[in-house]
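The values are calculated or read from the model by the stated rules, or taken from the named source; none is laboratory data. Just so it is clear, the structure is predicted and the values come from calculations on it, not from any experiment. Cβ: placed from backbone, ideal geometry, glycine included. Neighbour counts: every protein chain shown. To get the accessible areas, we keep the full protein, side chains included, count just its heavy atoms, and leave off ligands, DNA and RNA. Shrake-Rupley method; radii C 1.70, N 1.55, O 1.52, S 1.80 Å.
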Amino acid sequence: MAADTRTATGPASATVAEPLGKLGPLTGLVIERIQVSDDVAASKFGTDSPIEDPVREAQVLDSVRKQAEAAGVNADAAVAFFRDQITASKIVQRGLFDRWTAHPEEAPTTRPDLGSIRSKLDGLATALLAELKDTEQVRGKPVACRVQLALAGVSGAAAEHLDALHRQALRAATDSVCRPAGPAGSNG
């Protein structure tokens with residue numbers, strides 16, 4: 001039987017301890033999405049399914065833009081945030097592929113269904129967009145945002161016992177959280 005790919009055990013959706021601070025709920029969802037990347041990697045490892053899927057990525061970002069506009073979230077900020085989520089997922093997938101190739105005994109012995117994983121990711125996208133909306137005020141204050149993001153990131157990573165690979169993905173996934181929305185302006 002293959003070893004679990006992360007140090008936290010159980011399914012990714014089981015119990016993600018909520019990180020601390022005003023960005024805790026957002027960061028908790030980001031961590032949950034990163035943990036789902038383990039399942040994405042397991043579903044693709046040893047198949048012809050590529051880690052890089054520009055067509056799927058474009059579909060996801062187009063959908064995010066439409067959902068953000070409908071939810072009153074700055075669409076450019078939402079797309080940048082979800083681009084970071086995709087980058088983080090690819091970091092995890094590449095890292096796990098490398099690990100499993102170097103240590104085949106750690107490779108998954110079952111292949112999760114990518115369709116059900118994508119449904120889970122779609123649900124997380126909706127929740128993440130709601131958190132982007134709910135955190136607009138704190139994210140609009142660069143210093144406060146960075147402090148809150150650091151608190152949430154450190155506490156969430158510790159609570160979930162994230163290894164170095166998943167911590168790297170968390171940093172990538174939260175890269176644009178505190179960036180100003182840009183010329184399009186913000187909706188709050």
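List of remarks:
- Of the DSSP H helices in the chain, those with a Cα length along their own long axis of 24 Å or more and a mean Kyte-Doolittle hydropathy reaching 1.0 comprise 142-159.
- A Cβ-based charge dipole, computed about the Cα centre of the chain with Lys and Arg at +1 and Asp and Glu at -1, lands at about 500 debye.
- Considering only ALA144, ALA157, ALA169, the Gaussian network model of the chain with Cα springs below 10 Å gives its largest mean-square fluctuation to ALA144.
- Protein-only accessible surface order, largest first, of ASP163, ASP122 at 1.4 Å: ASP122, ASP163
- Checked against a 26 Å cut-off, the cross-linked pairs LYS120/LYS141; LYS66/LYS120; LYS22/LYS44 give Cα-Cα distances beyond that limit for LYS120/LYS141; LYS22/LYS44.
- Farthest positive-ward along the stretch 77-188 dipole, Cα basis, beta-carbon charges - from ALA159, PRO112, ALA173: ALA173
- Fraction of alpha-carbon pairs over 19 Å apart in the stretch 91-188 - percent: 59
- Averaged per residue, the stretch 71-188 has 49 square angstrom of accessible surface, using a 1.4 angstrom probe with ligands and nucleic acids left out.
- Heavy-atom accessible surface of the chain: percent carbon and sulfur, 1.4 Å: 56
- Gyration tensor (Cα) of the chain, equivalent ellipsoid semi-axes in angstrom: 28, 19, 13
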